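Note sheet for the following structure.
The values are calculated or read from the model by the stated rules, or taken from the named source; none is laboratory data. Bear in mind the structure is a predicted one, so any value in this text is a computation, not a measurement. Cβ placement follows ideal geometry from the backbone for every residue including glycine, while neighbour counts extend to all protein chains displayed. What goes into the accessible areas is simple: the full protein's heavy atoms, side chains included, and nothing from ligands, DNA or RNA. Shrake-Rupley method; radii C 1.70, N 1.55, O 1.52, S 1.80 Å.
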Amino acid sequence: MTTIEEQIWDYIDGKCDAETQHVLEAKIAVDETYKAMYTELMSVNQHLQDMTLDEPAMAFNRKVMDLVQLEIAPVSLKTRVDQRIISAIAGFFLLIIVSILAYAFSQADYTLPRMNFSFSLDSRITPLLIKGFLFLDALLALLYIDALLRKKRT
Amino acid sequence: MQEQETDLALITAVLDGHTQEYSKLVSRHQRFVFTLALRFTRNREDAEEVAQDCFVKAYRALGTFKQTSKFSTWLYTITYTSAMTSLRKKRLQTLSLDEEGPAQHLAHAVSGFNTENAEKKSAHVYLNMAIDSLSSEDAAIVTLFYKGEQSLEEIGQNLHMDPNTIKVKLHRARIKLREKLQYLLKDEVKELI
């Protein structure tokens, strides 16, 4: 249950629904208690709206700009990561994957009724290469998830 | 909306390399940032230091401003965190209306006015004295609501509080201000009302 003062503050702030607003307007018009409270709160509200802001020293702006000149100029975050680089890296790995698949199929023995994929890539694909490949894949996946989350947030 | 577009235009110009345009952003917001800092620090020198720190931090982080909220909301949040950091460092004691009597508090008011000449002061001075008697948080909420053009949700964002909490605090601050103004203005309140 809100007090008379709370009701009138909500009315002054425009936070009431239409029905409550109408009821309060009627009460303010006929009830002396509501009328007196409304007049007083309107006065306080007006004083608060007329509140003056303090002024800093005359040289404030110059001091801030002097400090700012010592900083690195800011750039928009989205310009730090060039989309073309991401696309090039993704394209490179796609090319490798397609090349491996193409090589595998080219070396396959298509003997019907069954296919014999007998080929050896051990000499070319070392454990270090696989680890590097997986690491870069993880990095690309994280960048993609980051971009997706940023889009969702905006 | 025109003000918002102009702020964004200035930010875009700064990010494009025209760093001198930042001076216009500072000029536009310096009075409010300084006033908000003063609500917390209760001291002009410390408030200037906090306000300067706020604008420098905002400049550094300008590239991360996502433009999903108003620039002023973002700036005032930085002001609040800068003020809190400063207060923690200096270990200031904020004044509470419940702890001190009105007459004693007036003697320690930031404005430094002589209480013996109170009857000669304008309503604006009395209002500032009344606001100075509030807690830092309440004074900041009142300032953000009336002069910062911030909604309750935006003030909640600035001060890391729930909007309902802000509403309750704003209401209590208004009650205190009304009582304080009645005390300060005494017979003059009837003339003003």
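Select from the stretch B:62-74 the residues that are at the interface with another protein chain (Cβ under 10 Å from one of its Cβ atoms) and open to solvent by 20 Å² or more (accessible area, probe 1.4 Å) and write down the one among them that is nearest to B:ASP7 (Cα to Cα). Walk me through it before giving the result.
Narrowing the stretch B:62-74 to residues at the interface with another protein chain (Cβ under 10 Å from one of its Cβ atoms): B:62-68.
Applying the additional criterion that residues be open to solvent by 20 Å² or more (accessible area, probe 1.4 Å) yields B:64, B:66-68.
Values: B:THR64: 15, B:LYS66: 13, B:GLN67: 10, B:THR68: 13 Å.
So the residue we want is B:GLN67.
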Sole miss for B:MET129 among (1) away from every other protein chain (no Cβ under 11 Å); (2) surrounded by fewer than 21 Cβ atoms within 10 Å (Cβ to Cβ) is condition (2)
Please give the number of the condition B:PHE113 fails out of (1) at pLDDT below 85; (2) closer than 17 Å to A:GLN49 by Cα; (3) aromatic (Phe, Trp, Tyr).
(2)
How many residues of the stretch A:30-46 are without any contact (Cβ under 8 Å) to a residue 24 or more places away in the chain, open to solvent by 40 Å² or more (accessible area, probe 1.4 Å) and assigned to a helix (DSSP H, G or I)? The answer is 6
Answer yes if at least one residue in the stretch A:7-21 is of a type outside the set (S, T, N, Q), open to solvent by 40 Å² or more (accessible area, probe 1.4 Å), outside any loop (DSSP other than H, G, I, E, B) and more than 14 Å from every other protein chain (Cβ to nearest Cβ), and no otherwise.
yes
Give me a count of the residues in the stretch A:54-108 that are part of a helix (DSSP H, G or I), within 14 Å of chain B (Cβ to nearest Cβ), at pLDDT below 85 and open to solvent by 70 Å² or more (accessible area, probe 1.4 Å).
2
Enumeration of residues in the stretch B:14-28 that are over 12 Å from A:ILE72 (Cα atoms), within 7 Å of another protein chain (Cβ to nearest Cβ) and not in a helix (DSSP H, G or I)
none
If the Cβ limit is 7 Å and pairs must be 6+ apart or interchain, which residue in the stretch B:39-61 that is facing chain A (nearest Cβ under 10 Å) and under 11 Å from A:PRO56 (Cα atoms) pairs with which residue that is at pLDDT below 95 and assigned to a loop (DSSP other than H, G, I, E, B)?
B:GLU48/A:PRO56; B:GLU48/A:ALA57; B:ALA51/A:PRO56
Against the definition (open to solvent by 70 Å² or more (accessible area, probe 1.4 Å) and not in a helix (DSSP H, G or I)), how does A:LYS27 come out, yes or no?
no
